[in-house]
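Structure first, commentary second.
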Amino acid sequence: MHQAAYRTLGLDYVYVPFAITTERLEQAVHGMRALGIRGFGVSMPFKQQVIPWLDALEPTAAKIGAVNTIVNDDGHLTGHNTDWTGALRALEEALGSDGLRGRPTLLVGAGGAARAVAFGLVRAGADLTIANRTASKAEQLAEDVGASAARGFDALPHGVPEVIVQATSAGMSGSPTPTVVPASMLREGMTVMDIVYQPRETQLIRDAARAGARTVHGWRMLLHQAARQFELYTGRSAPLDVMDAALRESR
Ligand code: ATR
């Protein structure tokens, strides 16, 4: 995605993967400064671990407590989080900008990925309830973001939600659990997003489509979080179509 975007805009950038370890993380960050590397994308499990080595955090990344993007301004490293932006933009494609405001929204999951999405949903004004297999984690996350928590799907404070965002690892290739959202919950007129992008069509997305709900695939979030990274690294708007085509080609 990144390479295709650079090529299209004629930018003299290159995006390459590095395999590092927790033991070498601090050195890697100093190396980034020393080499004048413009930016880093950070994947699990380094999204929290990298924070002590940075000079500043963008305020929402600080609240989320996780960084997936580092921008290097002449040796000054700022940590950002584009996961929440990606989730929000993907939902706004379906609902329109400001389309989440006031909407009863159910977030399923309370892990690292769910945490970023929860901040995005609250920021967008959604009327958010969080449910998770381990209820105490849902309650903690709800408290952190200013949302409600539900114990199970039968006790949702707003009844049937208009938007459901699935942010657990269930449904991911290799996961023993195909889906955690009962198909009986899905209705016509709902918007259902699964942040799982591998496989492209999860069980939940299939169930939601069958129920007549509007679906938002996890790869739209993947695309939009990368587009936001591109903007942070280059200061240019991302050529979304080009990045989308590159993403489709790679799958
Ligand atoms: P990530 O960084 O991908 O979010 P994580 O922090 O380990 O990974 O969080 C995984 C999330 O998926 C959690 O909400 C987890 O529920 P628990 O908090 O109860 O562990 C959820 N999850 C994973 N497998 C699940 C399953 N089979 N059923 C229900 N929830 C599941």
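Report whether or not Arg248 is closer than 25 Å to Thr105 by Cα and part of a helix (DSSP H, G or I). Spelling it out, it is not the case that Arg248 is closer than 25 Å to Thr105 by Cα and part of a helix (DSSP H, G or I). Scanning segment 42-70 for residues that are surrounded by 19 or more Cβ atoms within 10 Å (Cβ to Cβ) and in contact (Cβ under 8 Å) with a residue 60 or more places away in the chain turns up Lys47, Asn68, Thr69. In the condition set (1) at pLDDT 95 or above; (2) over 26 Å from Val42 (Cβ atoms); (3) within 12 Å of the ligand (Cβ to nearest atom); (4) surrounded by fewer than 21 Cβ atoms within 10 Å (Cβ to Cβ), Gly152 is compliant with all but (1). Every listed requirement among (1) within 16 Å of the ligand (Cβ to nearest atom); (2) touching a residue at least 60 places away in the same chain (Cβ under 8 Å); (3) not polar (S, T, N, Q) is met by Arg123 save one, (1).
Identify the residue in segment 126-140 that is outside any helix (DSSP H, G or I) and of a type outside the set (Val, Ile, Thr) and, among all such residues, is farthest from the ligand (Cβ to nearest atom). Result: Asp127. Residues in segment 161-204 that are assigned to a helix (DSSP H, G or I) and within 16 Å of the ligand (Cβ to nearest atom) were compared, and the one that is surrounded by the most Cβ atoms within 10 Å (Cβ to Cβ) is Leu204. For segment 102-120, the set of residues classified as within 8 Å of the ligand (Cβ to nearest atom), outside any loop (DSSP other than H, G, I, E, B) and touching a Lys or Arg at 6+ places or on another chain (Cβ under 8 Å) consists of Gly112 only. Counting the residues of segment 128-140 that are surrounded by fewer than 23 Cβ atoms within 10 Å (Cβ to Cβ) and aliphatic (A, V, I, L, M) gives 1. Going residue by residue through segment 6-17, is there one that turns out to be surrounded by fewer than 11 Cβ atoms within 10 Å (Cβ to Cβ), in contact (Cβ under 8 Å) with a residue 12 or more places away in the chain and not in a loop (DSSP other than H, G, I, E, B)? No, every residue in segment 6-17 fails to be surrounded by fewer than 11 Cβ atoms within 10 Å (Cβ to Cβ), in contact (Cβ under 8 Å) with a residue 12 or more places away in the chain and not in a loop (DSSP other than H, G, I, E, B).
A single entry from Lys47, Lys63 fulfils the requirement of being closer than 15 Å to Ala113 by Cβ and basic (Lys, Arg): Lys47.
Residue count for segment 189-232 satisfying the condition of being in contact with a helix residue (DSSP H, G or I) (Cβ under 8 Å, 6 or more places away or on another chain), under 19 Å from Phe40 (Cα atoms) and of a type outside the set (Lys, Arg): 9. Say we look at segment 22-39 and pick out the residues that are within 20 Å of Asp12 (Cα to Cα) and within 27 Å of the chain's Cα centre (by Cα); which of these is surrounded by the most Cβ atoms within 10 Å (Cβ to Cβ)? This residue is Gly39. Going by what's in this entry, would Glu143 be described as charged (D, E, K, R), free of Cβ contacts under 8 Å to residues at least 12 places away in the same chain and within 12 Å of the ligand (Cβ to nearest atom)? Taking the combined requirement at face value, the residue does not satisfy it.
The values are calculated or read from the model by the stated rules, or taken from the named source; none is laboratory data. Note that the structure is predicted; figures quoted are calculated from it, not measured. Please note: Cβ atoms are built from the backbone with ideal geometry, for glycine as well, and neighbour counts cover all protein chains shown.
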